1. Would you compute the Debye intensity of region 37-105 from its alpha-carbon atoms alone, equal scatterers and no solvent, and pass along log10 I(q)/I(0) at q = 0.15, 0.20, 0.28 Å⁻¹ to two decimals?
2. In degrees from 0 to 90, rounded to the nearest 10, what is the angle of the helix 73-104 Cα long axis to the longest principal axis of the chain?
3. Rounded to the nearest 500 deg cm²/dmol, what is the calculated helix-only ellipticity per residue at 222 nm for the chain, with -39500 (n - 2.57) per DSSP H run of length n ≥ 4?
4. Among residues other than Leu15 whose Cβ falls under 12 Å from its Cβ, what is the net charge (Lys/Arg +1, Asp/Glu -1)?
5. If contacts are Cα pairs under 8 angstrom and at least 6 residues apart, what is the relative contact order of the chain in percent?
6. Mind checking which lysines have their Cα closer than 28 Å to the Cα of Lys93? Skip sequence neighbours fewer than 8 apart in that chain.
7. Can you list the lysines whose alpha carbon sits under 19 Å from that of Lys47, skipping same-chain ones fewer than 8 residues off?
8. If I histogram all Cα-Cα distances within the chain using bins 10 Å wide from 0, what percent of pairs lands in each bin?
Amino acid sequence: MNQDLPEIKFDLTSLVKEDVFTDQKIGSIRVLTPVTTDGEVDSSRQKSFFGQTQVMTPAGAIPLNFELNANNLNDAIEAFPDAAKENMEQTMKEIQEYQREQASKIVVPGQDMPSKIQIP
């Protein structure tokens, strides 16, 4: 067996139970509830809430995943629209920046060519 392989081991201090709530139209909210190794809720750590949705573009659907600043499911539902909009705006900015970077890499004939060829 190859001794260079990394050890694969669960982080027992970071265990969470995942629940998913959806309206079956707009998106879903993932709730990560901290648990102990026996599966009991670990009340010493906070729950985490994440929104998931997708936005349709001419190029197809773009998935959006974002953290929701919330203490409970109701707060997460209320935070969902603004967080989704903010994430969509940030994603669109990143796409535009990527497109600009790719456009600047286009090689045009004659580009980067010396103006005069010197023969020794």
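All of the numbers you see were taken from the coordinates with simple rules; none came from a lab. Source: prediction; values computed, not measured. So basically every Cβ, Gly included, is an ideal-geometry build from the backbone, and we count neighbours across all protein chains shown.
1. Ignoring solvent entirely, the Cα scatterers give -0.64, -0.86, -1.19.
2. Once rounded, one gets 10 degrees.
3. -9500 deg cm²/dmol
4. Once positives and negatives cancel, what remains is -3.
5. On the way: 131 pairs, mean separation 16.6, N = 120.
After rounding, I find 14 percent.
6. Straight-line reach from Lys93, under 28 Å: Lys25, Lys85, Lys105.
7. Lys17
8. All Cα pairs considered, the percentages come to 11, 25, 20, 19, 12, 7, 5, 2.
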